[in-house]
1. From the set of residues in the range A:196-251 that are open to solvent by 60 Å² or more (accessible area, probe 1.4 Å) and polar (S, T, N, Q), which is nearest to the chain's Cα centre (by Cα)?
2. As an exercise: evaluate residue A:332 against (1) open to solvent by 10 Å² or more (accessible area, probe 1.4 Å); (2) at pLDDT below 90; (3) away from chain B (no Cβ under 14 Å) and give the number of the one condition it does not meet.
3. Just give me the residues in the range B:155-173 being part of a loop (DSSP other than H, G, I, E, B) and either open to solvent by 10 Å² or more (accessible area, probe 1.4 Å) or facing chain A (nearest Cβ under 9 Å) (or both), in sequence order.
4. Is one or more of the residues making up the range A:155-171 among the charged types (D, E, K, R) and either within 30 Å of residue A:257 (Cβ to Cβ) or touching a strand residue (DSSP E or B) at 6+ places or on another chain (Cβ under 7 Å) (or both)?
5. Check the range B:128-135 and report whether any residue there is part of a loop (DSSP other than H, G, I, E, B), within 10 Å of chain A (Cβ to nearest Cβ) and open to solvent by 30 Å² or more (accessible area, probe 1.4 Å).
6. Got at least one residue in the range B:44-62 being among the acidic types (Asp, Glu) and touching a Cys at 6+ places or on another chain (Cβ under 6 Å)?
7. Could you tell me whether residue A:255 is open to solvent by less than 10 Å² (accessible area, probe 1.4 Å) and over 30 Å from residue A:169 (Cβ atoms)?
8. So which of A:306, A:287 is more than 22 Å from the chain's Cα centre (by Cα), small (Gly, Ala, Ser) and surrounded by fewer than 23 Cβ atoms within 10 Å (Cβ to Cβ)?
Amino acid sequence: MRRIGIGRTGAWVTWRRTALVGLAFGAGALHLAAVGVLLMLHQRWIVIDTLSLGQATVLLLAAGAGAMAARGDGSRWLQGALGGVCAVLPLALLSRAMDALTLQPIFIALSPDLQAMLTLGLPPAAATPALLALGAVAGLVGAGLRAAPRLSRALLPGAVAVLVAGVFQELIQLMLQQYEGPIGAVRDFVYTWEGLTQEGAITVFLVVTLLAQLFGRATQGRVAAMEPARRRQIWAGIALAVIVVLPAVAGSYIGQVLMLVGLYILMGIGLNLEVGLAGLLDLGFVAFFAVGAYTTALLTADAPNALMHLPYWAAMPVSVLLAVCVGVLFGLPVLGVRGDYLAVATMGLGEIVRVIVLSDFGAPLLGGAQGVLHIPKPQLGSYTLSSPVALFYLTLVAAAIAAFIAWRLENSRLGRAWMALRDDEDVAQALGINLVRSKLLAYGLGAAFAGLAGSIFATMLSSVYPSSFQLLISINVLALIIVGGMGSLPGVILGSVVLIGLPELLREFGEYRYLFYGAVLVVMMRLRPEGLWPSDVRQRELHAGDETAALDAGADLLPARE
Amino acid sequence: MRKTLLSVCNVGMRFGGLVALSDVSFDVQEGSIHSVIGPNGAGKTTVFNCITQNLRPTSGEVWFGDERIDGLKPDGVAARGISRTYQNIRLFRNITAIENLLVGMHLHLRSNWWGAVLNTPFTRADERAAHDEALELLQFVGLRGRGDVLARNLAYGEQRRLEIGRALATRPRLLLLDEPTAGMNPRETSEMMAFVERVRARYEITLLLIEHQMRVVMSMSDRVTVLDHGTKIAEGRPAEVQRDPAVIAAYLGTAAAAHAVPA
């Protein structure tokens with residue numbers, strides 16, 4: 001008898017867990033609905049007249065809930081279905097509540113359009129069961145995919161391809177616009193004006209699934225056989241190739257987005273020296289960016305308050321140098337400040353720069369709120385780098401140089417001193433590391449990269465305004481370092497792509513950008529606090545395998561001290 | 001007569017109204033093992049901090065060789081040849097064992113940052129020499145093959161030895177060890193004692209030791225200084241100190257001291 005009792009309790013725990021997992025996803029869906037994201041997503045088709053992005057989001061949430069829920073020891077199918085139902089239950093209740101009450105004055109996003117979406121165009125009595133049934137089906141699919149990993153691995157590439165093709169349809173269409181002939185025909189078959197056609201979606205799904213089946217198995221085996229380091233190299237190589245080639249074929253919009261990503265990578269590399277390596281939490285980083293931008297502006301602009309009319313290539317090194325000087329000056333007052341206090345102090349210093357630019361005192365030189373206009377584009381011989389794509393390549397080269405310098409520094413005596421400083425400042429000093437020198441070098445070199453980014457930024461926009469140098473930029477750069485992985489160079493690149501590039505590409509999200517930022521940061525800190533691409537543990541001892549043998553043989557010949 | 005390497009003269013340290021050390025003086029002879037003992041809170045670690053200038057003594061002087069070192073910065077003290085370990089191990093936890101040693105060599109490397117960026121032949125030679133020395137030191141502290149492990153992932157005893165290795169990497173003339181056997185069982189303690197002896201034999205350095213385990217103190221030290229409540233209450237050879245009534249009183253209470261004196 002007791003065993004049955006225990007069994008019941010066990011079942012109760014399992015079902016309660018299932019329901020809670022489902023409701024957690026449901027809470028997410030409810031949140032998206034309440035802030036208006038769901039309706040916004042609903043207005044974008046993935047497949048014309050069949051599936052909107054909003055509907056896909058709800059279904060994905062339900063499927064995810066089903067997959068997460070179906071891991072108990074009871075009936076997986078039932079758990080999956082229950083998870084899916086629980087994931088849509090809050091939306092169903094919301095829909096009922098909107099029938100009974102007028103909620104829109106409180107939550108403006110709870111509009112009749114949202115109600116129409118939630119009821120699927122059905123009368124209220126049929127809508128709730130229909131929604132719950134859809135949730136159950138999605139949950140079952142999620143559970144099924146989890147139960148049959150091989151099947152889901154076969155279907156996943158196709159599904160992802162359809163999703164990507166649908167979500168980025170605007171971009172892809174923009175890219176394909178220029179083509180006629182066969183490519184144009186494919187485009188017209190797959191896409192209509194605002195989304196995938198039904199036939200197009202099915203075709204994309206089938207083709208990608210087939211390709212994945214044909215080539216996937218072989219590549220997968222080969223990839224699995226590789227060392228992780230080698231695999232990473234290949235991934236990085238592919239990413240690099242895409243970054244280099246994409247803007248050239250994809251046109252100026254992608255070029256512009258990637259250029260912004262490149263500028264953030266530059267700044268990220270700089271801040272990474274300070275925060276990731278030396279552990280100096282700097283929230284005033286935008287100041288160096290501003291100094292670089294204003295220096296370039298004042299030295300090159302065709303404006304009354306410009307100091308000189310140098311060519312861009314002469315102004316750029318001056319901008320970098322001045323940013324370094326400001327970085328060192330900036331570091332001086334906060335040398336003895338640590339941790340949280342340093343973050344607050346640097347934030348203040350960063351704001352000072354912006355306020356000086358806005359002040360009456362600085363206005364005659366810096367242009368006040370009107371900024372500096374008419375900054376020329378860089379010239380390369382007789383060719384002017386005026387298009388976003390050309391400027392993107394300039395940014396790319398700058399970022400590559402910066403990454404190279406940062407990489408060399410990381411593995412140097414100074415880099416080690418920085419890391420020691422980060423881990424324990426007192427001990428580092430007791431081992432003979434000069435704190436003043438090391439810290440000022442971190443600020444100065446970090447500022448150099450930000451100054452370079454600012455200089456390119458000025459010529460990109462052809463004008464600079466104080467409003468471009470908000471605290472938010474410092475925070476963005478810090479966030480991308482954290483998301484990418486503190487102290488990790490590839491992490492900086494990945495972080496910029498994810499936090500800067502993606503929101504730019506999904507322009508509808510613009511309004512909700514910081515909502516996603518917040519969500520991403522919270523989720524990252526909970527699930528993967530080390531970042532997307534954490535820094536490698538350097539293999540120094542084993543790396544020198546050949547030297548080791550020699551050392552073992554001649555250990556006595558090497559004096560410990562001279 | 002051996003030369004005095006370190007001389008602590010009338011050093012006092014107060015934090016606001018709290019007197020942590022008052023008028024502490026002792027000399028450390030070159031090549032000796034000198035121990036500082038005393039009950040908890042006696043001010044032993046404060047003495048260390050006053051020597052390495054992690055704390056600036058509020059009164060008195062500290063001399064190292066012919067040079068007065070109080071008032072220097074800690075990195076200046078390290079450059080003159082004093083290195084230390086900590087009671088609660090303070091490795092750089094997020095870098096590897098060998099990188100910890102390389103950080104210790106910071107003072108002796110001559111390459112600078114732009115040399116590193118350009119990867120000049122000089123930098124490469126400098127780094128290679130440092131790497132060789134680090135490997136050798138790794139071998140000496142018994143961590144060969146563990147060099148690429150993050151310091152925080154090393155076992156406790158390994159961390160202790162690595163910390164000593166890192167201190168040795170600065171090529172000190174005087175090494176301060178703050179409770180090297182803290183938290184160790186008798187067998188580990190014996191191993192650590194043997195290790196410390198090896199350090200002295202090989203590097204021919206002077207050791208100043210804070211220690212709690214009397215077995216260690218009595219068998220290893222050439223000279224012992226006893227602190228209690230921030231003042232020096234005794235100094236001498238281990239056997240002398242052991243018999244000193246003031247020391248017994250400090251450790252066991254005055255009644256025990258009264259009892260012990262006739263014996």
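The values are calculated or read from the model by the stated rules, or taken from the named source; none is laboratory data. Note that the structure is a prediction, hence the values are computed from the model and not measured. Cβ sites come from the backbone with ideal geometry, for glycine too, and all protein chains shown count toward neighbours. Just the protein is used for accessible areas: all its heavy atoms, side chains included, with ligands, DNA and RNA removed. Shrake-Rupley method; radii C 1.70, N 1.55, O 1.52, S 1.80 Å.
1. The qualifying residue nearest to the chain's Cα centre (by Cα) is A:233.
2. Single failed check for residue A:332: (2).
3. B:155, B:170, B:171, B:173 - these are the residues of the range B:155-173 that are part of a loop (DSSP other than H, G, I, E, B) and either open to solvent by 10 Å² or more (accessible area, probe 1.4 Å) or facing chain A (nearest Cβ under 9 Å) (or both).
4. From the range A:155-171, those among the charged types (D, E, K, R) are A:170; that's our starting set.
Filter again for either within 30 Å of residue A:257 (Cβ to Cβ) or touching a strand residue (DSSP E or B) at 6+ places or on another chain (Cβ under 7 Å) (or both), leaving A:170.
Scanning the range A:155-171 turns up at least one residue that is among the charged types (D, E, K, R) and either within 30 Å of residue A:257 (Cβ to Cβ) or touching a strand residue (DSSP E or B) at 6+ places or on another chain (Cβ under 7 Å) (or both).
5. The initial filter retains those residues of the range B:128-135 that are part of a loop (DSSP other than H, G, I, E, B), namely none.
Checked the range B:128-135: no residue is part of a loop (DSSP other than H, G, I, E, B), within 10 Å of chain A (Cβ to nearest Cβ) and open to solvent by 30 Å² or more (accessible area, probe 1.4 Å).
6. So in the range B:44-62, the residues among the acidic types (Asp, Glu) come out as B:61.
In the following step, the residues that additionally are touching a Cys at 6+ places or on another chain (Cβ under 6 Å) were identified as B:61.
For the range B:44-62, residues among the acidic types (Asp, Glu) and touching a Cys at 6+ places or on another chain (Cβ under 6 Å): present.
7. Values: open to solvent by less than 10 Å² (accessible area, probe 1.4 Å): yes; over 30 Å from residue A:169 (Cβ atoms): no.
Judged against the criteria, residue A:255 is not a match.
8. Working: A:287 fails: surrounded by fewer than 23 Cβ atoms within 10 Å (Cβ to Cβ).
Among A:306, A:287, only A:306 is more than 22 Å from the chain's Cα centre (by Cα), small (Gly, Ala, Ser) and surrounded by fewer than 23 Cβ atoms within 10 Å (Cβ to Cβ).
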